[in-house]
There are 2 protein chains.
Amino acid sequence: MTAPAAPRAGRAATALPAGRRRGRPGHDLSSVLAVAVGLFNERGYDGTSMRDLAARLGIAKSAIYHHVAGKEELLRLALDRALAGLSVVADRARALPAPAIERLEYLVRGSVEVLEAESPYVTLLLRVRGNTDVERAALDRRRGFDRFVAELVAEATRDGDIRPDADAVITARLLFGLVNSIVEWYRPDRGAGRASLADQVCAMAFDGLRARRR
Amino acid sequence: MTAPAAPRAGRAATALPAGRRRGRPGHDLSSVLAVAVGLFNERGYDGTSMRDLAARLGIAKSAIYHHVAGKEELLRLALDRALAGLSVVADRARALPAPAIERLEYLVRGSVEVLEAESPYVTLLLRVRGNTDVERAALDRRRGFDRFVAELVAEATRDGDIRPDADAVITARLLFGLVNSIVEWYRPDRGAGRASLADQVCAMAFDGLRARRR
């Protein structure tokens, strides 16, 4: 029996100090995490065993425990990574010295960019249903994010910057429903066409698809 | 042992010919289907057994086979119901003697209404990943629907009715990503606030959230 190594978080392989790369050559915590997240998204978290992960990584199950304490810790690290990206965007939006409508647009744009940069992690986050403590903690943080969106929508409506016929609660849900729906079809290699994906989302949500004629 | 009470799916029960109501009193095909769809959405299709369904219905497993040949037939019936609703809307949109932008708006509005009326069935449809012949057939029909959306978007763009900076493929995906995202939070009893949900979706997608100032 090998003692489980201390769990380590890290955004990406390149972000980890070299001294923290342990275990079998060719795998560090980041690459283990990336493969785990791929499997969780493919088969579901409950449907993925540490054995499946070891097989996919091509290493012994015991070797995974050099990197993490277990499956739940992989889930926590993966969800933290998605949530950390969204938190940075939310903090920046909060601090922006601008009207609520502009902070809202910043938040939408930034969230699309996080989704593009971290799509497997955000996909996993969006599928969480709250079956474990780790999932419930992630859901709590998501709800905090959703409340912030709803507050911005309400403030922008009071400012007269959002159409008065828009219901604030429904609008907040539709706006992030739109953003989150991107994980259903987004592929990192595909590209978003002429304008950036974030631009297209903001153009549709804030100004609408309809061409304006003068 | 008390006999199970008669759960009935309101809308569909009345739509089935009386001759198809077989099996134990208190259950007809519609109510069996409604309960099955609820379980499929809760536990996943693969995670639901006919035994689970019998337990939820409070009847013997053999009694379910009075209504359907098996689990896959329940899935097919459920997916057909969602797809039938969407097909009717698509056919009407196609036949509408109006510019593409209006046919597109009709399609979006009608799809939101189908989603509201049949939310458990549409939820199930949107989760289908193509693991069986029944699922693949449903996915094929969904793809046909998506192609129709993309054609309408492209035609409306050529007509100059959609902003020229909008990419047609991305726009079609965003538009129905927005519509489909509603299943994530929609509850039939909740109501959509001041304007109808379909109105709010169309207002945001076609005219944008931003208030117009003259």
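The values are calculated or read from the model by the stated rules, or taken from the named source; none is laboratory data. These numbers come from a predicted model, not from an experiment. Because the Cβ atoms are built from the backbone with ideal geometry, glycine has one as well, and the counts that use them run over all protein chains shown. These area figures cover heavy atoms from the full protein model, side chains too; ligands, DNA and RNA do not enter into them. Shrake-Rupley method; radii C 1.70, N 1.55, O 1.52, S 1.80 Å.
Please report, in cubic angstrom per residue, the volume enclosed by the convex hull of the alpha-carbon atoms of the protein assembly as shown.
181
What is the percent carbon and sulfur in the accessible area of the protein assembly as shown, measuring with a 1.4 Å probe over the protein chains and ignoring ligands?
Carbon and sulfur atoms account for 51 percent of the accessible area of the protein assembly as shown.
With every protein chain in place, what's the accessible area of B:Asp161 (1.4 Å probe, Å², nearest 10)?
The accessible area of B:Asp161 comes to roughly 30 Å².
In square angstrom, rounded to the nearest 10, how much accessible surface does A:Arg129 have for a 1.4 Å probe?
130
Please report Rg (one decimal) and Dmax (integer) in Å for the Cα set of chain B.
Over chain B's Cα set, Rg and Dmax evaluate to 19.8, 70 Å.
Give the relative contact order (percent, whole number) for chain A; include only Cα pairs under 8 Å separated by 6+ residues.
In percent, rounded to a whole number, it is 19.
When 1/r is averaged over all different Cα pairs and the result inverted, which Kirkwood radius in Å belongs to segment B:44-165?
Computed over segment B:44-165, the radius equals 16.3 Å.
With the cut-off at 13 Å, report for segment A:42-107 the share of all Cα pairs above it, as a whole percent.
I get 71 percent for the Cα pairs in segment A:42-107 exceeding 13 Å.
Using a Debye calculation, one point per C-alpha and no hydration shell, please list log10 I(q)/I(0) for segment B:117-185 at q = 0.11, 0.12 Å⁻¹ in order.
Log10 I(q)/I(0), no solvent term: -0.33, -0.39.
Treating only the Cβ atoms of Lys and Arg (+1) and Asp and Glu (-1) as charged, compute the dipole magnitude of chain A about its Cα centre; round to the nearest 20 debye.
Computed about the Cα centre, the dipole is about 540 debye.
Buried accessible area between B and A (1.4 Å probe, both chains summed, ligands and nucleic acids excluded), in Å² to the nearest 100?
4000
Roll a 1.4 Å probe over the protein chains and send me the accessible area per residue for the protein assembly as shown in Å².
I get 48 Å² per residue for this part.
List the lysines whose alpha-carbon lies under 28 Å from that of B:Lys61, not counting same-chain residues fewer than 8 positions away?
B:Lys71
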